[in-house]
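For reference, the structure discussed in these notes is given below.
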Amino acid sequence: MSETSPADSAVIARSRQEPEVFAEIFRRHAPEIKRFVIRRLGLDDAEDVVAETFLTAFRQRGRYDLARHSALPWLYGIATNLVGRHKRTEARQLNLLARTGVDPVTEPFTSRSDERLSAQAVQRNLAAALVALPAGHRDVLLLVTWGGLTYTETAEALGIRVGTVRSRVNRARAKIREELGGADPTALVNEEVRHG
Amino acid sequence: MDELVQLNDFRSEVPAQEDLRAEAERLMAGMSAPARPDLRRLGLRAALAGGLAAAVGAAVFLVQSRPAPAPPPPLIRTVAAVEVLSRAAEHAGSRPELRPRPGQFLVYESQSMDTSEEDGEIWLSRSRRTIWLPVEGSAVKGVLREELLAPLPYPGHPLPSAARAEQALVGRPGRPERAADFDDRAEFLRNDYAYVSKLPTDTEGMRRHLYTRVPNDGLQDYEAWNRVGGLLDESYLPAAQRAALFRAAATIPGVVTVKEAQDAAGREGIAAAMVSPNGVREEYVFDRKTYDYLGRRGVVVDAELAGAPVGSVVSSSAQLKVGVVDRPPAVE
C-alpha cells in the first residue's frame, strides 16, 4: 500500500471515529460490487442491493476485522446475502435465458447481437446449470469466479468453513460440466482446481 | 474449455459500473442519519436534506483528501455554559412541586417547529399541542390534541406544494387522539414520571444515565446532549432529578452559552447549547431571571452542512404549561 492509499482496514478504522470517511470504501469498491450484483440480478434490482450492501457495511463497520486489509470479501459477502433475497428474480431470468436464449440481464449492455449467437448454446446450458444449483452452491461458485475470491476469502465472506467452500465448488463444477457436456465434451476430463 | 473459464465469460459483457450516484446518495443519507428516533426533533434531518444530499458528489469522491472538519469555535468559554446550567440547577427547587400520583396524567401544553420532508422537498411544520401522558408507563395510553400552525419555508428554500396539505388544516383544532400506537423506546430513554423520579439525584449518576449505551461513533457527547432534551420537553422531573440533570448536562464536553435566545413562542432567554454534527446549534433556552426551562431552538451555524443560511432558525419548541389531571379527554 502506498502512502496515498491506506488499506481498506485503515479507512474503516478511521471511519469509526469519522463516519464520513466510509465513503472512501464506497468509492473504491462500489463499481465492482455493482457489476457483480448486476450479473446476478440485472439492472433493476442492483441499485437497491448495492445501496443496501454499503449501508449494511457502514452499520457493521464496528465489527469489521481490521486484520483483513481488503474489504472486498466482506462486501461481497454482504452483497451475496442481499442477493439471496431476490432468488426468484435471479431464477426467473436464468430460466428465461435457458429456455429462449434471451438474457434480460445482459440485454441493456449488448449491441453486437451477432456475436452472441454462436455462444448461445453454452450460455443457455450455463443458465440451466446455475439455476439448478442449490443457492449456497451458486453463491460460492460465483464468488470464486465472478468475484475472484480465494477459497479462504469466500469462506470469510459467507461465514462458512474453507472445506465447505471447496466441496461446494467441486460439486457445482461437476453439475455444470454435466450440463455443458453436450456442448463441450472435453470439459469432462478437466479436474484441476485453480483456487484455494 | 474449462467450465470455470466459461462461467467467467458468462455475462461478462456487463461493464464495470461508474454511475453510482443513486447508491452514493442513499449511503450518504444513511450515514448521516443515526438510527436514533429522537434526533429528528433536533433538526438532524433538516441538515441532511439540505447540506449533505446536495454535497453527495463531492463528499463521496473527495473524502480521502478532505481534512477532518474543525470544531466550530465556542461562542463563549465553556465555563459560562456551566454557569447557565448550574443556575438552572440551583433554581430547580424554587417552584412548587407537582406531585402526580399513580393512575393520574401529566398534561403538557407546547408549541413546536420542526423540519418536514416529502418527495425531496423540505419545509418547517409548526403546531401547538396538548398531550396527556400517564404518570407511569408508555405513551400508548396517552392522548394528544394537536392544532397545526401555518407552515414556514425552510430557510433558503421556497415553500413546497407538499406543505399545502398542512396549510389547509391550519386553524382547525384537532380532536383528541391516541398519542402513540406503540412505544418501543429502550428503558433508559423512558421519560414517564414514575421512571424519571427514580433517576439518580447526583451529577455523576445522572451523567452515566445520559451516556447509557451511547454508541461509540464519535457523536457520543451530542447524543448525550440530545437526551437531556428528551427529559425536558413533555417531561416533568422532580426537583432533585432536574437539578442533577442540569449539573450533568454542564459536564458534557462542547456545551456553550448563547446570550440571546428565544423559544418557539418568542419568549427570550439565555441558552446552553451544543453544535450538532450537521451544523445546527441546538439550544436549551432558560428564563434569564427564574432559570425556568422555556424550550429549545436550533440555529444554523454552518450553512454548508445545514443547507440553510447561518443564523436561520430550523427548529424550536416552547414548553408552555404543565399540570396534573385525573384523566385525559375521551378519544373518539
On the given criteria, is B:Gly218 within 14 Å of another protein chain (Cβ to nearest Cβ) and either touching a residue at least 24 places away in the same chain (Cβ under 8 Å) or out of contact with any Cys (no Cβ under 9 Å at 6 or more places or on another chain) (or both)?
yes
Residue in the stretch A:170-179 that is modelled with pLDDT of 90 or more, open to solvent by 20 Å² or more (accessible area, probe 1.4 Å) and not in a helix (DSSP H, G or I) present:
no
Specify which of the listed residues (A:Ala129, A:Ala98, A:Ala135) is at pLDDT 85 or above, closer than 29 Å to A:Arg171 by Cβ and touching an Asp or Glu at 6+ places or on another chain (Cβ under 6 Å).
A:Ala129
Does the stretch B:185-205 contain at least one residue that is at positive phi and touching a residue at least 12 places away in the same chain (Cβ under 8 Å)?
no
Hey, does the stretch A:19-34 have a residue that's within 24 Å of A:Ala129 (Cα to Cα) and open to solvent by less than 30 Å² (accessible area, probe 1.4 Å)?
yes
Given the options A:Gly101, A:Gly62, name the one that is surrounded by fewer than 20 Cβ atoms within 10 Å (Cβ to Cβ), touching a Lys or Arg at 6+ places or on another chain (Cβ under 8 Å) and more than 24 Å from B:Ser12 (Cβ to Cβ).
A:Gly62
Screening B:Glu97, B:Glu121, B:Glu109 for residues that are open to solvent by 40 Å² or more (accessible area, probe 1.4 Å) and within 20 Å of B:Arg296 (Cα to Cα) leaves only B:Glu109
Looking only at residues that are more than 7 Å from every other protein chain (Cβ to nearest Cβ) and outside any helix (DSSP H, G or I) in the stretch B:6-29, which one is surrounded by the most Cβ atoms within 10 Å (Cβ to Cβ)?
B:Ser12
Among residues belonging to the stretch B:264-290 that are in contact with a Phe, Trp or Tyr (Cβ under 9 Å, 6 or more places away or on another chain) and assigned to a loop (DSSP other than H, G, I, E, B), point out the one that is surrounded by the most Cβ atoms within 10 Å (Cβ to Cβ).
B:Ser276
Scope the stretch A:75-94; condition open to solvent by less than 60 Å² (accessible area, probe 1.4 Å), of a type outside the set (Ser, Thr, Tyr) and under 12 Å from the mean Cα position of the chain (by Cα); matching residues
A:Leu75, A:Gly77, A:Ile78, A:Ala79, A:Leu82, A:Val83, A:Gly84
Across the stretch B:159-217, what is the number of residues that are assigned to a loop (DSSP other than H, G, I, E, B), basic (Lys, Arg) and buried (at least 17 other Cβ atoms within 10 Å of the Cβ)?
1
Of the criteria (1) part of a strand (DSSP E or B); (2) of a type in the set (Asp, Glu); (3) in contact with a Ser or Thr (Cβ under 6 Å, 6 or more places away or on another chain), which one B:Glu117 fails:
(3)
Just wondering, is there one or more residues in the stretch B:246-257 that are in a strand (DSSP E or B) and within 18 Å of the chain's Cα centre (by Cα)?
yes
Which residues, counting only those in the stretch A:116-146, are outside any helix (DSSP H, G or I) and either buried (at least 24 other Cβ atoms within 10 Å of the Cβ) or facing chain B (nearest Cβ under 8 Å) (or both)?
A:Trp146
Result of the Cβ filter at 7 Å on the stretch A:7-18, keeping first residues that are on the phi < 0 side of the Ramachandran plot and touching a residue at least 12 places away in the same chain (Cβ under 8 Å) and partners that are open to solvent by less than 40 Å² (accessible area, probe 1.4 Å) and of a type in the set (Ser, Thr, Tyr), at least 6 apart or interchain, is A:Ile12/A:Tyr64
Only unsatisfied item for A:Leu149, checking (1) under 18 Å from A:Gly42 (Cα atoms); (2) more than 11 Å from chain B (Cβ to nearest Cβ); (3) open to solvent by less than 30 Å² (accessible area, probe 1.4 Å), is (1)
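The values are calculated or read from the model by the stated rules, or taken from the named source; none is laboratory data. Please read all numbers here as calculations on a predicted model, not as lab measurements. Glycine also receives a Cβ, built like all others from the backbone with ideal geometry; neighbour counts cover every protein chain displayed. Accessible surface areas use protein heavy atoms only, side chains included; no ligands, DNA or RNA. Shrake-Rupley method; radii C 1.70, N 1.55, O 1.52, S 1.80 Å.
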